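A.B. asks: Could you have a look at this structure, given as structure tokens, before my questions?
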Amino acid sequence: MRRTREDALKTRDQILDAAEVTFFQHGFSHTSLAQIAERAGLTRGAIYGHFKNKCEVFNAMAERVKLPMEMLVTATFDPREADPLGRIRDLFMFCLAKAAIEPHSRRVFEVLFTKCEYTEELAPVLERQRTAARDGRARMELGLRNAIDKGQLPPELDTTRAAGVLQMFLGGVLRDWLLDYGSVDLPRDAKFLADACIGMLRNSPALRRHATSAG
């Protein structure tokens, strides 16, 4: 009987589900295709029917989950949005809560941030993260400018610096939490952390343009 496309996709997802758990348990370097096949209940040949090597499996696994900075949507910088700062706050909380609540995101983030050596073979995964960071900062800056136009943030806010600080804050919280789940209580503390960031944007002299020019 010829295998249908639906069967092929089901097997592919089966492989990636197994890879996600195996990479989570052992890290990239100490995971083999044989281990992934065993957890998936398949042969190594079945994996080679979908992927050329372990790196391809890893890349496909990572692609199934949106990175934190990829979750920023156009609502924050849509001129018709009445509350862009509120949307930024919502997205910040959503990113933190998703990492804590959604099992796939939690495992993949932990592998990417704490259990992976970025050697040349994993260059596509690292480049995706760099691209997501650059695009995320750009989108965040547009959202901050929109909030300034709506009178929600000080007009002298240095949006480039502020977008970078927000990105570093979000990434730092996630990494600290993944390294030590007791460092912060997610998703419970997501609101507190988002409000702390918003307060920083509104009140920190270090994020004003004159502070940047003064060095």
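Values quoted throughout were computed directly from the atomic coordinates according to the rules given, and no laboratory measurement underlies them. Bear in mind that the values here come from a model prediction, so they are computed numbers and not experimental data. Note that we place each Cβ from the backbone using ideal geometry, even for glycine, and neighbour counts take in every protein chain shown.
A.B. asks: Along Cα→Cβ, 7 Å out, is where each label goes; now give me the distance between the ones at residue 64 and residue 128 in nm to one decimal.
C.D. replies: Rounded to a tenth, the inter-label distance reads 1.2 nm.
A.B. asks: What angle, in degrees between 0 and 90 and rounded to the nearest 10, separates the Cα long axis of helix 5-26 from the longest principal axis of the Cα atoms of the chain?
C.D. replies: Approximately 70 degrees, to the nearest ten.
A.B. asks: Bin width 5 Å, origin at 0, all Cα-Cα pairs of region 51-138: what percent of pairs per bin?
C.D. replies: That works out to 3, 13, 21, 22, 17, 11, 7, 4, 2, 0, in percent per bin.
A.B. asks: Helix 190-203 against the longest principal axis of the chain: what's the angle in degrees, Cα atoms only, rounded to the nearest 10?
C.D. replies: 40
A.B. asks: Can you compute the FRET efficiency between residue 181 and residue 30 using 1/(1 + (r/R0)^6), with r the Cβ-Cβ distance and R0 = 22 Å? Round to the nearest 0.05.
C.D. replies: With R0 = 22 Å, the Cβ-Cβ based efficiency is 0.50.
A.B. asks: Further, regarding this structure: Taking 30 Å as R0, compute the FRET efficiency from the Cβ-Cβ separation of residue 7 and residue 44 and round it to 0.05.
C.D. replies: After rounding, the FRET efficiency stands at 0.95.
A.B. asks: Please work out the Kirkwood hydrodynamic radius for the chain, using every pair of different C-alpha atoms, and report it in angstroms with one decimal place.
C.D. replies: 19.1
A.B. asks: Output the 0 to 90 degree angle, nearest 10, between the alpha-carbon long axis of helix 123-149 and the longest principal axis computed from the alpha carbons of the chain.
C.D. replies: 30
A.B. asks: Another question, then. Report, to two decimal places, the Cα Rg of region 5-59 normalised by 2.2 N^0.38 Å (N = number of residues).
C.D. replies: Details: Rg = 10.1 Å, N = 55, 2.2 N^0.38 = 10.1 Å.
This ratio for region 5-59 stands at 1.00.
A.B. asks: When 50, 210, 26 are ordered from fewest to most other Cβ atoms inside 10 Å of their Cβ, what list results?
C.D. replies: Ranking 50, 210, 26 by Cβ neighbours within 10 Å, fewest first, gives 210, 26, 50.
A.B. asks: Taking the beta-carbon count within 10 Å as an exposure proxy, list 158, 195 from fewest neighbours to most.
C.D. replies: Ascending number of Cβ neighbours within 10 Å: 195, 158.
A.B. asks: Tell me which lysines have Cα within less than 18 Å of residue 54's Cα, excluding those fewer than 8 residues away on the same chain?
C.D. replies: Filter leaves 115.
A.B. asks: How much FRET efficiency would the formula 1/(1 + (r/R0)^6) give for residue 52 and residue 113, where r is the Cβ-Cβ distance and R0 is 35 Å, rounded to 0.05? Please report the intermediate quantities before stating the final value.
C.D. replies: Working: r = 26 Å, r/R0 = 0.73.
Once rounded, the FRET efficiency stands at 0.85.
A.B. asks: If you don't mind, another one. Give, rounded to the nearest 20 debye, the magnitude of the charge dipole that the chain has about its Cα centre when Lys and Arg contribute +1 at Cβ and Asp and Glu contribute -1 at Cβ.
C.D. replies: 320
A.B. asks: On to the next question. Two decimals is fine: what is log10 I(q)/I(0) at q = 0.18 Å⁻¹ for region 149-202, from a Debye sum with one equal scatterer on every Cα and no solvent?
C.D. replies: The Debye formula, applied to the Cα set alone, gives -0.66.
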